[in-house]
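Enquirer: To start, I am sharing the structure in question, which I have written as structure tokens.
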Amino acid sequence: MSKQERSFIMIKPDGVQRGLVGEIIARFEKRGFKLVALKMIHESPEFLEKHYADLKGKPFFPGLVKYMSAGPVVAMVWEGRDAVKTGRVMLGATKPLESAPGTIRGDYAIDVGRNICHGSDSVESAEKEIKLWFPEGIIQYTSVVESQVFEN
Ligand code: UDP
Ligand code: MG
């Protein structure tokens with residue numbers, strides 16, 4: 001798996017309102033991932049419908065779009081080996097009832113409809129989501145600590 005694997009990670013409106021932006025960013029930084037894009041943005045319901053297109057038709061879809069478009073989110077791209085899978089582990093299970101303590105959802109969320117953060121579920125979804133949220137592109141720079149984070 002490439003060191004350059006990227007995941008789209010988003011702090012949802014409830015995470016922003018609850019003051020968890022710094023906490024969530026710190027977890028990814030401290031783990032060793034490299035931040036390559038970051039912005040705060042308040043998106044429209046139409047845009048969120050695109051982001052969650054795969055879930056169209058689910059009973060919770062209208063509520064999900066309303067929740068996600070109700071306030072600003074913090075959209076990010078984190079890079080590093082296995083960023084997608086490890087990102088999902090760090091987020092915790094979708095349903096907070098099943099998310100382990102120590103994960104973001106397991107530490108800070110109680111309700112599936114207010115579960116604080118989003119993370120891409122595959123490398124392919126990550127690519128799609130990064131294009132959708134960052135049409136301007138991501139930032140390219142050399143990490144000076146890469147050899148301390150990765151053996152090879
Ligand atoms: N969701 C919900 N009710 C459900 C399942 C999902 O409100 O029964 C919301 C929840 O915010 C979740 C999002 O829809 O994070 C997207 O669902 P998905 O199955 O993709 O979960 P995720 O990838 O976010 O873990
Ligand atoms: Mg998902």
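Every number in this text was worked out from the coordinates using simple rules, so none of it is lab data. Computed from a predicted structure; not experimentally measured. When we count neighbours, we look across all protein chains shown, and the Cβ atoms used for this are built from the backbone with ideal geometry, even at glycine.
Enquirer: Among the listed pairs LYS56/LYS128; LYS66/LYS131; LYS39/LYS95; LYS56/LYS85, give every one whose C-alpha distance is greater than 19 Å.
Expert: Check vs 19 Å cut-off fails for LYS66/LYS131; LYS39/LYS95; LYS56/LYS85.
Enquirer: What does the C-alpha gyration tensor say about the overall shape of region 26-103? Classify as rounded when a/c is under 1.5, otherwise prolate if a/b is larger than b/c, or oblate.
Expert: oblate
Enquirer: Using helices alone, what [θ] at 222 nm do you get for the chain, with -39,500 (n - 2.57) per DSSP H run of 4 or more residues, divided over all residues and rounded to the nearest 500?
Expert: Per the formula, -10000 deg cm²/dmol.
Enquirer: How many angstrom separate the Cα center of region 133-152 from the Cα center of region 12-26?
Expert: Taking the Cα centre of each part, region 133-152 and region 12-26 sit 22 Å apart.
Enquirer: Check ALA93: other-chain or 5+ apart residues with amide H under 5 Å from its amide H, H built from backbone geometry?
Expert: For ALA93, the qualifying residues are SER99, ALA100.
Enquirer: As a footprinting exposure proxy, order LEU35, LEU20 by other Cβ within 10 Å, with the fewest listed first.
Expert: By the 10 Å Cβ count, ascending, the order reads LEU35, LEU20.
Enquirer: Binning every alpha carbon pair distance of region 6-140 at 5 Å from zero, what are the percents per bin?
Expert: 2, 11, 21, 25, 24, 13, 4, 0
Enquirer: Further question: Could you compute the longest span of the chain free of chymotrypsin sites (Phe, Trp or Tyr not before Pro) located in DSSP loops and having at most 16 other Cβ atoms within 10 Å, not counting the site residues?
Expert: Counting only loop sites that pass the neighbour cut-off, the longest clear stretch is 61-140.
Enquirer: Then there's this: What percent do you get for the relative contact order of the chain when only Cα pairs under 8 Å and 6+ apart count?
Expert: Relative contact order here is 35 percent.
Enquirer: Give the aspartates and glutamates reachable from LYS50 as a straight Cα distance under 13 Å; neighbours fewer than 8 places away on the same chain don't count.
Expert: Within reach: GLU129.
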